[in-house]
Each structure stands twice: as C-alpha cells, then as structure tokens.
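Undergrad: There's a structure below that I have some questions on.
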There are 2 protein chains.
Amino acid sequence: MRVSVTYHVRSDATEIAARAQGIAVEQSVEMPLAAIDEPSVLTDIVGQVEDIADLGNGTFAVRIGLALATIGEDAGQLANMLFGNTSLQEDVTLADIDLPDTLIAQFTRPRYHVARLRRTLTSPHRALTASALKPQGLPPDRLGKLAERLAMGGLDVIKDDHGLAEQRYSPFADRIRHVTAGLARAVRHTGHQTQYVPSLTGNLDQLREQATLARDTGLTCIMIAPMIAGLPALQALATEFSDLTIFAHPALGGLRIAPDLLIGKLFPMLGADAVIFPSYGGRFGYSQAACHRLAENARSFGAIPVPAGGMTLARTDEILDFYGPDTILLIGGNLLLAREEIPREAEAFTRAVAAHEYR
Amino acid sequence: MRVSVTYHVRSDATEIAARAQGIAVEQSVEMPLAAIDEPSVLTDIVGQVEDIADLGNGTFAVRIGLALATIGEDAGQLANMLFGNTSLQEDVTLADIDLPDTLIAQFTRPRYHVARLRRTLTSPHRALTASALKPQGLPPDRLGKLAERLAMGGLDVIKDDHGLAEQRYSPFADRIRHVTAGLARAVRHTGHQTQYVPSLTGNLDQLREQATLARDTGLTCIMIAPMIAGLPALQALATEFSDLTIFAHPALGGLRIAPDLLIGKLFPMLGADAVIFPSYGGRFGYSQAACHRLAENARSFGAIPVPAGGMTLARTDEILDFYGPDTILLIGGNLLLAREEIPREAEAFTRAVAAHEYR
C-alpha cells in the first residue's frame, strides 16, 4: 500500500528525472539503492516516482508513491516520511497528498464537533462569527471584561490570541476563570451562548492539564498550534479529549508545505475541528485559489474553515460570498479598534452575518 | 527586558519601515496599536524596531526588540513569539537572535555530555566518527547485524536512520535489543565502546517510554527530531533525562529560519548536545558560511556539530579541515555502499579520522 505525494520542484528539464528519483529515495530509505541487499526493501519500501508533469516556469509536479508501512501510527512519523529531510531542500515544496482511506481512518476521530457547535449556538445554517482576546500583556480581569464586551454584541466564538500562553501577567487558570465569568455576565443580557476557545500551550503534560481545566470549567472548545506543539501532541489531544472541539492555529506553519494541504487536510485529519488560517486580502500572502482549496479540503474532513488575519467588518459580505455559510468568520484586531464601542461593533458584525444573502 | 531578533525581509526601500513595524506588531500584540488602551502594553509588550539595514538586492535586515515577558518558560512559546505568525509571510526569514543570558540560563541544562561522550570513547581530542543504520524496512535482527559490522570498523557512534520509528517491521524495543547485542559482539573484538543512538519518535509519553527503555538498556545517547516532536517535547526530555546525551535531527526543519540559528542556537539551547545537519557539498543546499556559523554557534552552547547528508570517505580530510576536531563526522549511506566490505570501509574511515593532521 502506498500514498501518492506530490512535490513541486524547481529544476532544469534535463535534471528533473534524477531529482524526482532523489526525492523518492530521500523520503524513504535515504541511502544509495546500490547499498541495499534486501529485495523486499527495494520493492516495498523505496519510494516510487509515479509521475512527472511540467508546470512551466521551471517548476515540475513530481508524484511519488511512499510506502504506508513506513508511516506507522504516529502523526510525527507521518510528517517525517512526507517531508522530513526534503523540507531542508529549498527548491522543493510539498504540494499535495492523495490520502488513502486507510490512512484517514487510522488518524481521524469522530466528527460531530462542528454540528454540535452550531446546535449550541442555535445557528443551523448561517456562518459563525468570532473574535479574539488581545493584546497579550493585559491582566486576566481585563481580558475577562473584553470578552464580556465582545460577547455583548452576540458573537458566537471568542478565542484567545495565540500569543496568550502561561505568561506571568496572565496565567492560563486565571485567564480562563475571568473570561468565563465575563461571558457568563454577557449571556445574561444577550441570551446567546458565546463559546470561549482558550489557547493551550506547552508540552503534552501541560496541554492535558489545560484541556482538563477547560473541560472542568464547562468549556467545549480549545485551541492549539500544531506546528508549535508538535503534530504528535495534536494527535494525542484529539484522541484523549474526543469531547472537546479543537481549533488549530497556523503559527509556525511557514514550511514549504502548501497551506491547503497542511492546514486544510493534515490538521483536520489529525484532529482539528476548526482550522484558522490567514485569508487572502489580509496581512498574509495566501492566494484566493489556495484559500478556496483550503476551505474545501477542511470541509471534506468535517472541519470548519476560520478565515482570519486582517479581516474587517467592511469585508463581511465579500468574505461570506467567497467562503459560504459553512465558515467561522474571525475579525480580531479590527473589531477592537472600536474601543469604547466594541459591543456595538460586535453587534454590527453579528447582524451583518445574520442578514447576509449569498450571491 | 527585550530580546533582539533579526529578520531578513524582501521589500521595496520605500516600504521597509512600515514592514518592519508590521513585524514588530505581528510578533507581539498582533493588533492595531490604536486599539490598545493600556499604556504598559504599549511601552513594555509591543515589539520595537531597533534597526533597519539595507543588505542590497532588495533585502533588509530588520532588528526587533521583543519583550521577554511574552515568552515565559515554554520552548513552544519561544518559537511562537520569535516567528509564529511571521513564518506565514513568504518574504520574511528569521535570521538571528541575540539571546540574552537570562533566556539562555532559563532553558539550558548542564553541559557535560560531549565531554563524557569523549571520555567513554577514550578520545579526548580527535573528531568522532559516526554512521547510520539503514534502510528502514530491515527487520531488527538485520539492523543489529549491520550495527555489528559497522562497529567492527571501530566507529564511535552509530545512530538510527531518522526514518526508523515504531513501524511494524522494526518496533523500537526489538530494534534497541538487537542493535545493542550487535554492538556488544563487536566490542569483544575491537575493545572500542561504540555508542548507539536510537531515534525516538511519537508524543511525549512515547518519547519518555523509549528514553527510559534506552536508559534501562544501558545506553547514554538518544536522538529526536525537534521540529517533528515539537520544541516543547525536546525541552521536556532534556529536563527529565538530564543524564542522556541528546542528538537533534533536523527533519522538518525547512522553515524560513536560518539553519545556523535553528540548529546551531535554538536546538542546543533547548537541550541538544549534538546537532546533526546537512553539510555543504552534499545532497542539501546549505552554504559553507552557514555551516561554519552553525558549527560555531553549537559549540558556543557546549554542543557538538554533526555534519552529514551525503558525506563520503573521500571527503574526510576536507571536512575535518573545515570543521576541526570538535566534530562528529557522520557518513551514512556512503559507507553502506561497501556492502560485504562494510567493516573494512568503516575501519578505513576510523583510521582516516585518527590519522588526520589539521592544516
């Protein structure tokens, strides 16, 4: 059994066949084939070049079949076999993977989280609204008050800024207590169950401790950055906390891996229910085409896309038309610019999403 | 207290000041400054542009002071604050960090490992020799025999190929048992204590279990790939297994972070005692200058550089002259090409390193 992996390689046409074979070897046995004296390794383990296509502009799409047996059951080893050493070669990008059902089944967890999130919010169809608690440096009680004010506008989801961690100025336990209290005050006014998504950080012990505290506090959502925590940590959390909805943050995701693959396929396959990513037209350089593929890929895994990274209220209609209703639209810093008027601005955001008619 | 971080940014000269300020905000509060109403956040937390230097060719070196308070004590959060979101911007590379002593002291563990490795090998001065067990797909007993044959040539260090994990065809526990037995057979002939460095994989629980098994088997060295396991996992292992010598493998390290920084500074600071990297002149594209800086950086942290990635016996003199004796020279696949003559080839390698006179 093999998995087909596509790399984009910058190369001369005369050298691409050798480069492709080099990647097939690098991502499997990583040694000269002439030094291998075990026939089954040559037939079953060594990567096989399946296709080479000229994409123009000196770039080729190289499809390589890698043996599933080399991957085992660990998410880290999956990343290792897909791109471990080749990530160090600047002329190669990991473009796509044709994930076989056996691999997906092996890693994927039950997929009821997005539907449950909608039920909790009594919002079966429309796009969901989200904002973020910032800036880091604020003490927990201030973050709690900010959460309350954002929630007064009826937002569905309020997440921690991914910069919030276990800093001295806002320890996780204090933060979660104050933010939860702030949201409880807001819900008494709005009647709307705004969901809090705290950012979990540290090693697996610390992630578990924080996830447990979140669950014990009555929360149903958590966020981690898989490329910082490590893919094995995402896999472990997704398995052990199967009742919690997991948001994945893209921080440190700037490998030469196509974002529609890394964020759109791998994060959801390994357990993410909602994937945050920098949308086209914001502070980051992802193209419309990449964002569209990313969102579609995520949905195909039962996850919900969360476009972010410089979104504004003025762009709500455009963004909703582009991504459709199965989306969480995240406006962070731009909502906070309203300062004293944050509740009103959040409410305007809520109304704009509720009133949107898709083209 | 701030840490000075240098980014290389491709930009028009007219836009570089705004880009620099943008990175300073992205890597600290990640929101419009106009939305921040807490004065202490503006003065103490927001990143500060300290310097912008034109490097020519449309690239600028931007030095930004980031608040130490945002980093806390977690290696993952360190990576997050240094490059989390900005890693997603293709025109920015994380080039260097002027690590303050307080930060180094906070993360660094005791540094006796390289000296102990030399004592164990009764090799106080010369460069050390290493090879790798490949290909994956071989059963554990075959790997054990290969280890024996390599060790018969008197090599100092034999590491697992980083592709060896918890695969069905060679589970970790079986592998470690067979390889250890193979090396024990060899030492009865050579009298030389070849050290085995098994590759640890999986999540923190699994890494701990494997490290414990290695220790219980009498091994003193382990290897992990920090960018796959996650930096918090490296930090945890380095703290909990302070008696084990840790080799770091660069797999999945192809972020836009300068290798002399990521592999030369950050891996050692977070606990690596020996850092494996693809040397210039092999299958990867690192420059001589980058390799030199990487090796010097690693040594300044008390770690030993391990150039690898396509090294050959014929290049031994050149490589030793370039890196000097405080080095572990790793020849993997090229030694294995000798097939039936592996012990003799390993011995030739051993002799070449022992006999080398530095220019």
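What follows draws every value from the coordinates through simple rules; no lab data is involved. These figures come from a predicted structure and were not determined experimentally. So basically every Cβ, Gly included, is an ideal-geometry build from the backbone, and we count neighbours across all protein chains shown.
Undergrad: What trypsin sites (Lys or Arg not before Pro) does the stretch B:25-118 have in DSSP loop regions with at most 16 other beta carbons within 10 Å? Provide the component values of the computation, followed by the final result.
TA: Numbers: sites: B:Arg63, B:Arg111, B:Arg116, B:Arg118; in loops: B:Arg111.
Answer by residue number: B:Arg111.
Undergrad: Assign unit charges at the C-beta atoms only (+1 for Lys and Arg, -1 for Asp and Glu), then state the dipole size of the stretch B:1-96 relative to its Cα centre in Debye, rounded to the nearest 20.
TA: It works out to roughly 140 debye.
Undergrad: Taking the Cα centre as origin and putting +1 on Lys and Arg beta-carbons and -1 on Asp and Glu beta-carbons, what dipole magnitude results for chain A, to the nearest 20 debye?
TA: Around 1760 debye, computed over chain A.
Undergrad: Using the Karplus equation 6.51 cos²θ - 1.76 cosθ + 1.60 (θ = phi - 60°), what ³J(HN,Hα) coupling, rounded to whole Hz, does each residue of the stretch A:154-166 give in order, writing x for Gly and Pro?
TA: Calculated HN-Hα couplings, in order: x, 4, 7, 9, 10, 10, 5, 4, 6, x, 6, 9, 9 Hz.
Undergrad: Provide an ascending nm list, one decimal, of label-point separations from B:Leu33 to the equivalent residue in each further copy; define each label point as 7 Å from Cα along Cα→Cβ.
TA: In ascending order, 5.8 nm.
Undergrad: Summarise the partner chain shielding of B:335-341 as one whole number: the mean count of Cβ atoms from other chains within 10 Å of each residue's Cβ.
TA: 3
Undergrad: Looking down the axis that turns B into A, which residue of B has the closest beta carbon, and how many Å out?
TA: So the chain B residue sitting closest to the axis is B:Gly230, 1.
Undergrad: Can you tell me how the protein assembly as shown classifies by the Cα gyration tensor, rounded, prolate or oblate, using a/c under 1.5 as the rounded cut? Each step should come with its number before you reach the end.
TA: Working: a/c = 1.87, a/b = 1.71, b/c = 1.10.
Prolate.
Undergrad: Run the simple label-point estimate for B:Glu296 and B:Asp44 please: 7 Å along Cα→C-beta, distance reported in nm.
TA: 3.7 nm
Undergrad: Oh, and also: Enumerate by residue number the trypsin sites (Lys or Arg not before Pro) in the stretch B:145-244 meeting two conditions: DSSP loop (anything except H, G, I, E, B), and at most 13 other Cβ atoms within 10 Å of the site's Cβ. Walk me through the numbers before you get to the answer.
TA: Details: sites: B:Lys145, B:Arg149, B:Lys159, B:Arg168, B:Arg175, B:Arg177, B:Arg185, B:Arg188, B:Arg208, B:Arg215; in loops: B:Arg168.
In loop regions of the stretch B:145-244 (DSSP not H, G, I, E or B), the sparsely surrounded trypsin sites (Lys or Arg not before Pro) are B:Arg168.
Undergrad: Sticking with this structure for a sec: May I ask for the angle, rounded to the nearest 10°, between helix A:16-26 and the longest principal axis of chain A, with both axes built from Cα atoms and the value confined to 0 to 90°?
TA: 70 degrees
Undergrad: Would you mind working out the magnitude of the charge dipole of the stretch B:307-359 relative to its Cα centre, with +1 at each Lys and Arg C-beta and -1 at each Asp and Glu C-beta, to the nearest 20 Debye?
TA: Dipole about the Cα centre, nearest 20: 80 debye.
Undergrad: Volume per residue, Å³, of the convex hull around the alpha-carbon atoms of chain A?
TA: 139 Å³
Undergrad: Would you please give the FRET efficiency between B:Tyr112 and A:Asp243, computed as 1/(1 + (r/R0)^6) with r the Cβ-Cβ distance and R0 = 56 Å, to the nearest 0.05?
TA: That gives a FRET efficiency of 0.80.
Undergrad: Can you give the FRET efficiency for B:Leu213 and B:Glu90, using 1/(1 + (r/R0)^6), R0 = 45 Å, r = Cβ-Cβ distance, to the nearest 0.05? List each step's numbers first, then the result.
TA: Numbers: r = 42 Å, r/R0 = 0.93.
Plugging the Cβ-Cβ distance into 1/(1 + (r/R0)^6) gives 0.60.
Undergrad: Provide an ascending nm list, one decimal, of label-point separations from A:Gly58 to the equivalent residue in each further copy; define each label point as 7 Å from Cα along Cα→Cβ.
TA: Copy-to-copy label distances at A:Gly58, shortest first: 1.3 nm.
Undergrad: Going by alpha carbons, how many degrees (0 to 90, nearest 10) lie between the helix axis of B:172-190 and the longest principal axis of chain B?
TA: Between helix and principal axis, roughly 50 degrees.
Undergrad: Provide a whole-number value for the mean count of partner chain Cβ atoms within 10 Å of the Cβ atoms in peptide A:59-71.
TA: If you average over the peptide's residues, the count of other-chain Cβ atoms is 1.
Undergrad: Placing +1 on the Cβ of each Lys and Arg and -1 on the Cβ of each Asp and Glu in the protein assembly as shown, which of A:His8, B:Ala211, B:Leu55 has its Cα farthest towards the positive end of the resulting dipole?
TA: The Cα lying farthest towards the positive end belongs to B:Ala211.
Undergrad: Beyond 15 Å, what share of the Cα-Cα pairs of the stretch A:69-122 is found? Please give it as a whole percent. All intermediate terms of the calculation are to be shown ahead of the outcome.
TA: Values: 900 of 1431 pairs.
Summing the P(r) tail past 15 Å for the stretch A:69-122 gives 63 percent.
Undergrad: Using a 7 Å offset from Cα along Cα-Cβ at B:Ala69, what residues in the stretch A:114-145 end up with backbone N under 17 Å from the label point?
TA: Output list for this probe position: A:134-144.
Undergrad: Among B:Ala303, B:Ala251, B:Gln167, pick out the residue whose Cα is farthest towards the positive end of the charge dipole of the protein assembly as shown, where Lys and Arg carry +1 and Asp and Glu carry -1 on C-beta, about the Cα centre.
TA: Highest projection toward the positive end goes to B:Gln167.
Undergrad: Given C-alpha coordinates of the stretch A:106-156, what is the ratio Rg to Rh with the Kirkwood estimate of Rh?
TA: 1.13
Undergrad: Taking the Cα centre of each part, how many Å lie between the stretch B:20-84 and the stretch B:174-237?
TA: Centre-to-centre (Cα) distance: 39 Å.
Undergrad: While we're looking at this one, here's another question. With unit charges on the beta carbon (Lys/Arg positive, Asp/Glu negative), name the residue among B:Leu68, B:Thr220, B:Ile45 whose Cα is farthest towards the positive pole of the charge dipole of chain B.
TA: After comparing all options, I get B:Thr220.
Undergrad: Something else: Assuming a ≥ b ≥ c are the square roots of the Cα gyration tensor eigenvalues, decide whether the stretch B:225-323 counts as rounded (a/c under 1.5), prolate (otherwise, with a/b larger than b/c) or oblate.
TA: Prolate, because a/c is 1.5 or more and a/b exceeds b/c.
Undergrad: Measuring from a point 7 Å out along Cα→Cβ, what nm distances, shortest first, does B:Leu213 have to its partners in the other copies?
TA: 3.3
Undergrad: Net charge near B:Glu209: determine it from the other residues with C-beta under 13 Å of the C-beta of B:Glu209, scoring Lys and Arg +1 and Asp and Glu -1.
TA: -3
Undergrad: Could you check the simple spin-label distance between B:Glu15 and A:Ala354, using points 7 Å along Cα→Cβ, in nm with one decimal?
TA: It is 4.0 nm.
Undergrad: Based on the Kirkwood radius over alpha-carbon pairs, what value in µm²/s does the Stokes-Einstein equation return for the translational diffusion coefficient of the stretch B:2-107 at 4 °C and 1.567 mPa s?
TA: For the chosen part, D equals 92 µm²/s.
Undergrad: A further question on this structure: Give me D for the stretch A:294-359 in µm² s⁻¹, whole number, from Stokes-Einstein with Rh from the Kirkwood sum over alpha-carbon pairs, 20 °C and 1.002 mPa s.
TA: 170 µm²/s
Undergrad: Between exposed GluC sites (Glu not before Pro) in chain A, where DSSP calls loop and at most 13 other Cβ atoms lie within 10 Å, what's the longest gap?
TA: Longest gap between qualifying sites, sites excluded: A:91-356.
Undergrad: Further question on the same structure: When the chain is fully extended, how far beyond the present Cα-Cα distance does B:Arg339 get from B:Gln193, taking 0.36 nm per residue of separation?
TA: My answer for the length gained is 50.3 nm.
Undergrad: Okay, moving on. Starting from the 7 Å offset along Cα-to-Cβ, what nm value, one decimal, do you get for the label separation of B:Arg119 and A:Ala184?
TA: Result for the modelled spin labels: 5.7 nm.
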